[in-house]
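Novice: Handing you a structure now.
The values are calculated or read from the model by the stated rules, or taken from the named source; none is laboratory data. None of these values were measured; they are calculated from a predicted model. Here the Cβ positions follow ideal geometry from the backbone for every residue, glycine too, while neighbour counts run over all protein chains shown.
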Ligand SMILES: [Cu+2]
């Protein structure tokens, strides 16, 4: 039991390291968002087409969902500790942006569709922000969305109804016509995120 | 009318209780502010938090939390470069002279099997904490609002890496 987990974690650390290395090394001088972030980020490699199921049970695509600036987070509702902290932080950032009339949509994508039905993600996201959109889908749809965003998750033994899921906890700022522009980590505060996001949205 | 009177006196009885310092003592241990955070209506799991101060000169260990749920475990959330996992702990060390805090983003009591009985603000959850040396103590976890526990600016205490102190698995 322990060895495969360690192997999987190593794979993630290696892949994650490559991804972050790529992310940091890409030159973005001259683009319209250059002043917005101290790190060097570029659109294109993170994000892409997805088909998922929204809170009302409707099938939606990235074109439907990301038609306005959006802050996208992948997690699962059975997670009572870290995911709510991150979603509450994201909701706080959105609330700070609301005060500045910068409209950004918080999005929660479940990577545990076996338990997270449309009803469950609706109920969950309503706790954090009235505009937070919950998305789920089939296992295949969710896997494709996760791969598009270069996120990682590993579902535990599903013969146990209380299985746990390991997953990455980055939040992605997506802009219409630009796609991915910025990644936020768990260390980033709501205030820092609001400042960064406002910069991007105002430079659109 | 009668119902109103009962409700009013019930409220009066509850209020001083809420205002009371919410801590418990057993042997050399002081358990402070046991609480849980509200969950959505459809939640299957919830997290419980508290701090334990060991005022004695002998190390102790929290080895179990018991409560009326299908499953209750001691957990810690680990964060390795943004990849987060929950890990079950066999116990949480409570070293002599130290305070160990279970807090959001780190160690927690994991309650599983909430189906149909979500943690609503104000609900009280009876839990028995079992310590290796001090023995068992019954505490009440008060369910608090999520917004009271939003991560604050400059507070990075939510990081698993920093809150794993005392954990053993
Ligand atoms: Cu847990």
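Novice: With the requirement that a residue be within 10 Å of residue A:78 (Cβ to Cβ) and assigned to a helix (DSSP H, G or I), what does the range A:110-123 give you?
Specialist: Within the range A:110-123, just A:120 meets the criteria.
Novice: Of all residues in the range B:81-100, which are within 14 Å of chain A (Cβ to nearest Cβ) and more than 16 Å from the ligand (Cβ to nearest atom)?
Specialist: B:81, B:82
Matching residues to (1) under 20 Å from residue A:167 (Cα atoms); (2) touching a strand residue (DSSP E or B) at 6+ places or on another chain (Cβ under 9 Å); (3) within 14 Å of chain A (Cβ to nearest Cβ); (4) in a loop (DSSP other than H, G, I, E, B):
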{"residue": "B:63", "(1), (2), (3), (4)": "no, yes, no, no"}
{"residue": "B:75", "(1), (2), (3), (4)": "yes, yes, yes, no"}
{"residue": "B:78", "(1), (2), (3), (4)": "yes, yes, yes, no"}
{"residue": "B:114", "(1), (2), (3), (4)": "no, yes, yes, yes"}
{"residue": "B:133", "(1), (2), (3), (4)": "no, yes, no, yes"}
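Novice: Out of the residues in the range A:80-110 meeting the condition of being within 12 Å of the ligand (Cβ to nearest atom) and over 15 Å from the mean Cα position of the chain (by Cα), tell me which one is farthest from residue B:45 (Cα to Cα).
Specialist: Pass one, the range A:80-110, residues within 12 Å of the ligand (Cβ to nearest atom): A:80-84.
When the remaining residues are screened for being over 15 Å from the mean Cα position of the chain (by Cα), the result is A:80-81.
Working: A:80: 6, A:81: 9 Å.
The extreme case among them is A:81.
Novice: Now for a separate question. Return a yes/no flag: does the range A:42-59 have any residue that is modelled with pLDDT under 75, surrounded by 14 or more Cβ atoms within 10 Å (Cβ to Cβ) and either within 16 Å of the ligand (Cβ to nearest atom) or under 16 Å from residue A:179 (Cβ atoms) (or both). Quick ask: steps written out before the conclusion?
Specialist: Let us first name the residues in the range A:42-59 that are modelled with pLDDT under 75, namely A:42-44.
Going one step further and asking which of them are surrounded by 14 or more Cβ atoms within 10 Å (Cβ to Cβ), we end up with A:42-43.
Applying the additional criterion that residues be either within 16 Å of the ligand (Cβ to nearest atom) or under 16 Å from residue A:179 (Cβ atoms) (or both) yields A:42-43.
Within the range A:42-59 (the criterion being modelled with pLDDT under 75, surrounded by 14 or more Cβ atoms within 10 Å (Cβ to Cβ) and either within 16 Å of the ligand (Cβ to nearest atom) or under 16 Å from residue A:179 (Cβ atoms) (or both)), the answer is yes, since at least one residue qualifies.
Novice: Is it the case that some residue within the range B:131-142 is modelled with pLDDT of 95 or more and either within 16 Å of the ligand (Cβ to nearest atom) or under 30 Å from residue A:90 (Cα atoms) (or both)? It would help to see each step written out before you state the result.
Specialist: Within the range B:131-142, the subset modelled with pLDDT of 95 or more is B:131-142.
Now narrow it down to the ones that are either within 16 Å of the ligand (Cβ to nearest atom) or under 30 Å from residue A:90 (Cα atoms) (or both): B:141-142.
Looking for residues that are modelled with pLDDT of 95 or more and either within 16 Å of the ligand (Cβ to nearest atom) or under 30 Å from residue A:90 (Cα atoms) (or both), one finds at least one in the range B:131-142, hence yes.
Novice: Mind listing just one residue for me: the one in the range B:48-61 that is over 19 Å from residue B:35 (Cβ atoms) and assigned to a strand (DSSP E or B) and, of those, nearest to the ligand (Cβ to nearest atom)?
Specialist: Of the residues in the range B:48-61, the ones over 19 Å from residue B:35 (Cβ atoms) are B:54-61.
Filter again for assigned to a strand (DSSP E or B), leaving B:54, B:60-61.
Numbers: B:54: 24, B:60: 22, B:61: 19 Å.
Of everything passing the filter in the range B:48-61, B:61 is nearest to the ligand (Cβ to nearest atom).
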